[in-house]
Amino acid sequence: MQTNPQRELRRETPLYNIVGEKTALGPLRKDLVPLYTRWYNDFNTLRTLGGMAMPITLEQEEKWYEGAITRGATEVAFTLYELSSARPIGNTGLSEIDFRNRTAEFGITIGEPNARGQGYGTEATRLMLGYAFTALGLHNVMLHVFAYNLAGIGAYTKAGFKEFGRRRESQFMGGKYWDVIHMECLATEWGPSPVLADIFKPDEQRQSP
C-alpha cells in the first residue's frame, strides 16, 4: 500500500525551536529538501523573491542545503510550520549576520500557496525579529522587498519594519520597472520578544531556605 509523504510528515510533531500562536520555526531538514525544491520551482514564488524564472534541480537544492548547514555564524535558516497541522509551509532566516555591528538581513518564503494570506508570514516575521533581537542580541535587521509585492510590504510593516529608502526602477517585472524598497527594524523600536523573553534572561537570586 502506498503512503502519502505529506501525511507521514504530519504524524510526528517536528522539532521546534520557536513556537508562536499560528506558526513555529524549526531546523532545516534533509528529508524536506524535495519539498523545498518544489517550492522554489513555483514561478509565482520566485516572482516575489527576485529569482530567475528557471527550474531548480534536486541536486541544486541539496547543494544549497549543505551550504546552509555549514555557513556557521553568518547565516541561520529555519523551516516554517503551520502549527495546527505541523505542516511545513516555508522557510525563513537571517543572512549577512554581523555580530560586531549587530546587524543582519531578513528573508522569508511561504512556499505553500494555500498558506498565503493567512497571517503566517506576519507572525513568522515577528518571531524572527524576536529571535534576532532577544536571542542573538542584534540591533538592526533589514530587508529588501519589491514595490509590487504588496502582501509582503503589508506583512513586514505589521511586524515592525519601516521603509528607509528605495532603489528606483531597479526590478523589471510584468513589462515595467519597479522600485526595490529597503526596510529595517531596530531592537530599541521593537522591544523584547514576548515568546523568548522568559528564556533569555538572567537567573533570579534563589531564596535561602
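The figures follow:
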| quantity | calculated |
| --- | --- |
| Qualifying residue in the range 173-184 (condition: farther than 20 Å from T48 by Cα and of a type in the set (K, R)) | no |
| Elements of type helices (runs of 4 or more DSSP H) in the range 6-100, at least 1 residues being within 14 Å of the chain's Cα centre (by Cα) and not small (G, A, S) | 33-39, 43-49 |
| Test: residue in the range 92-103 that is touching a Ser or Thr at 6+ places or on another chain (Cβ under 8 Å), closer than 22 Å to W39 by Cβ, surrounded by 13 or more Cβ atoms within 10 Å (Cβ to Cβ) and touching a residue at least 12 places away in the same chain (Cβ under 8 Å) | yes |
| Residue match in the range 185-192 (condition: under 19 Å from L49 (Cα atoms) and assigned to a strand (DSSP E or B)) | no |
| Candidates R87, R100, filtered to the one that is out of contact with any strand residue (DSSP E or B) (no Cβ under 6 Å at 6 or more places or on another chain) and closer than 20 Å to L15 by Cβ | R87 |
| Count of the range 112-160 residues which are of a type in the set (S, T, Y), buried (at least 18 other Cβ atoms within 10 Å of the Cβ) and more than 15 Å from the chain's Cα centre (by Cα) | 1 |
| The listed residue being surrounded by fewer than 16 Cβ atoms within 10 Å (Cβ to Cβ), out of contact with any Phe, Trp or Tyr (no Cβ under 6 Å at 6 or more places or on another chain) and β-branched (V, I, T), out of I89, I69 | I69 |
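Rule-based calculations on the coordinates, nothing more; no lab input. All figures in this text were calculated on a predicted structure; none of them were measured in a lab. A quick note on method: Cβ atoms are made from the backbone with ideal geometry, for glycine too, and the neighbour counts reach across all protein chains shown.
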